[in-house]
Amino acid sequence: MNNDEIRKAVGSWLDDNWSADMSLVEWRDILVDGGWAAPHWPEEFFGRGFTQEQAALVSDVFTEKGAVGAAHAGPRRLAAETILAQGSDTQKKRYLRPILTGKEAWCQLFSEPGSGSDLAGASTKAELIDGRWIVNGQKVWTTSAHHADYGILLARTDWDLPKHQGLSYFLINMRQPGVEVRPLRQMNGHASFNEVFMTDAEVPSEDLIGGQGNGWAVAATTLSFERRGFALSRSAGEIKGAKVGRVYDEYEAELAVANEPYTWYPQRQGRVDLVVPRAIETGAIKDPQVRQEIARLISMSKGARLASAAAEQKRRAGTNEIIPAGSIGKLAASVIARQAAHVHTMITGADAMLSGPDSAAQGIIAETLISVPAISIAGGTDEIQRNIIAERVLGMPKELRSDTGPFRDIKRNTS
């Protein structure tokens, strides 16, 4: 199908099937059955085998018609893309549909208190006992775990292999008795993340993805999509303007829950959009030194957008560069955020330390300054991204390691 035929086909289908008076789940069941919920997925798994560019056309028609699309907010996207890329046919048939309809929410159980950005250093243990995996350990910085029905879990299944080889990847039920979720309060006042404790939690043998010991390769798929996401802005959804009907009400309620952990993410990215208006408002735009730093920030921001667009074009063309491109975008986002915080401080001065409704930009500037450090940590630190870029993009020699050999013999932070 060419672009005109795709637009005509999806438009005609929406005219015949879309109604704002349905419930959200009822509409999405129809959407999935029609193959329009994720048109870039294979036909045998709820899609139409379209390219990313063709799928973007479908999204445009949905926007024009005011139609709600598949569930997409929160970590469910990472789970869906990983299951689609690495899961068995049985896993795809079981889990992908309720992700698209929004019936089941997900979280990502990767980071641990003792390993930080060294994801391969995970020590959460999974043992196969009587045909079921028994999981014990702790995860941290888990977004939306308190809302999640399921989680994507990286756990250690062999302590006698090197650390990258002894990991396995699971789909775990978050609603079972052996899983405890505790929220974490951040210094910017938000509570987006949780720590998760697993005590004899169970995972059926069929919910192991990629086979035992292949967890690192499967996790790389998840991380590639996660890091690409740092270069993308988060929106409140594609439905704009005054919309009337049950499906819209339920969709807005869904977004309110799914996007709540991300309300401070624009501040984490530095709020580049506020820099020039603030400089004009305060008169700092007249300072040549401030103007120079603003110009540096805008140049960096626009350059990152162009690099991201170029990477997206390569991805659509079928090149296998997702992980390096994601790391470059992730590192660029950190550099831009720090520069933005520097410029905000130059513009606002000591008032940047004040919070509350009477402070600069109703407290947004202060929140930005204490949120920006998070972008250099979340999703893999800047140092991790530099290693990936050096080794996988530039082809430089790998750094010397002291953590080789059996994992049980490696010194770890167990405090």
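The values are calculated or read from the model by the stated rules, or taken from the named source; none is laboratory data. Being a predicted model, the structure only gives us computed values, none of them experimental. We place every Cβ from the backbone using ideal geometry, glycine too, and count neighbours over all the protein chains shown.
Results, tabulated for the structure shown:
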| item | result |
| --- | --- |
| Selection count where residues are surrounded by 10 or more Cβ atoms within 10 Å (Cβ to Cβ), under 30 Å from Arg268 (Cα atoms) and out of contact with any helix residue (DSSP H, G or I) (no Cβ under 6 Å at 6 or more places or on another chain), scope segment 373-411 | 11 |
| So Ile172, is it under 24 Å from Thr381 (Cβ atoms) and part of a strand (DSSP E or B) | no |
| Only listed residue being under 30 Å from Glu26 (Cα atoms) and of a type in the set (A, V, I, L, M), chosen from Leu255, Leu297 | Leu255 |
| Of all residues in segment 184-200 being part of a strand (DSSP E or B) and at pLDDT below 95, the one that is surrounded by the most Cβ atoms within 10 Å (Cβ to Cβ) | Phe193 |
| Set Ala148, Ala155: member being touching a strand residue (DSSP E or B) at 6+ places or on another chain (Cβ under 6 Å), farther than 13 Å from Gly215 by Cβ and either modelled with pLDDT of 95 or more or part of a loop (DSSP other than H, G, I, E, B) (or both) | Ala148 |
| The listed residue being modelled with pLDDT under 90, among the β-branched types (Val, Ile, Thr) and in a helix (DSSP H, G or I), out of Ile347, Ile388 | Ile388 |
| Set Gly87, Gly102, Gly66, Gly34: member being under 28 Å from Gly211 (Cβ atoms), surrounded by 15 or more Cβ atoms within 10 Å (Cβ to Cβ) and not aromatic (Phe, Trp, Tyr) | Gly87 |
| Pick from segment 306-330, criterion closer than 25 Å to Val372 by Cα and exposed (fewer than 13 other Cβ atoms within 10 Å of the Cβ), ranking: modelled with the lowest pLDDT | Ala309 |
| Matching residues, segment 119-145, being in contact with a helix residue (DSSP H, G or I) (Cβ under 9 Å, 6 or more places away or on another chain), crowded, with 17+ Cβ neighbours inside 10 Å and part of a strand (DSSP E or B) | Trp133 |
| Evaluation of Glu26 against (1) surrounded by fewer than 19 Cβ atoms within 10 Å (Cβ to Cβ); (2) in a loop (DSSP other than H, G, I, E, B); (3) modelled with pLDDT of 95 or more (one fails), failing number | (2) |
| Failed criterion for Trp159 (all others in (1) among the hydrophobic types (A, V, I, L, M, F, W, C); (2) surrounded by 16 or more Cβ atoms within 10 Å (Cβ to Cβ); (3) within 30 Å of Gly405 (Cβ to Cβ) hold) | (2) |
| Tally of residues being touching a residue at least 12 places away in the same chain (Cβ under 8 Å), surrounded by fewer than 18 Cβ atoms within 10 Å (Cβ to Cβ) and closer than 30 Å to Gly326 by Cα across segment 265-292 | 1 |
| Unmet criterion (only one of (1) modelled with pLDDT of 90 or more; (2) part of a loop (DSSP other than H, G, I, E, B); (3) closer than 30 Å to Phe50 by Cβ) for Ala333 | (2) |
| Lone qualifier among Leu78, Leu119 - being more than 21 Å from Gly166 (Cα to Cα), among the hydrophobic types (A, V, I, L, M, F, W, C) and modelled with pLDDT under 95 | Leu78 |
| One residue from Val203, Val218 being modelled with pLDDT of 95 or more and within 26 Å of Ala310 (Cα to Cα) | Val218 |
| Condition broken by Leu167, with the remaining ones in (1) at pLDDT 95 or above; (2) farther than 19 Å from Pro113 by Cα satisfied | (2) |
| Which numbered condition Leu154 fails, given (1) farther than 30 Å from Ala310 by Cα; (2) surrounded by fewer than 18 Cβ atoms within 10 Å (Cβ to Cβ) | (2) |
| Selection within segment 259-302 - at positive phi and of a type in the set (D, E, K, R) | Arg271 |
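So that you can scan it fast, the table gives a plain yes or no per residue for (1) over 23 Å from Leu161 (Cα atoms); (2) surrounded by fewer than 22 Cβ atoms within 10 Å (Cβ to Cβ); (3) among the acidic types (Asp, Glu); (4) at pLDDT 90 or above:
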site	(1), (2), (3), (4)
Leu223	no, no, no, no
Leu232	yes, yes, no, no
Tyr251	yes, no, no, yes
Tyr262	yes, yes, no, no
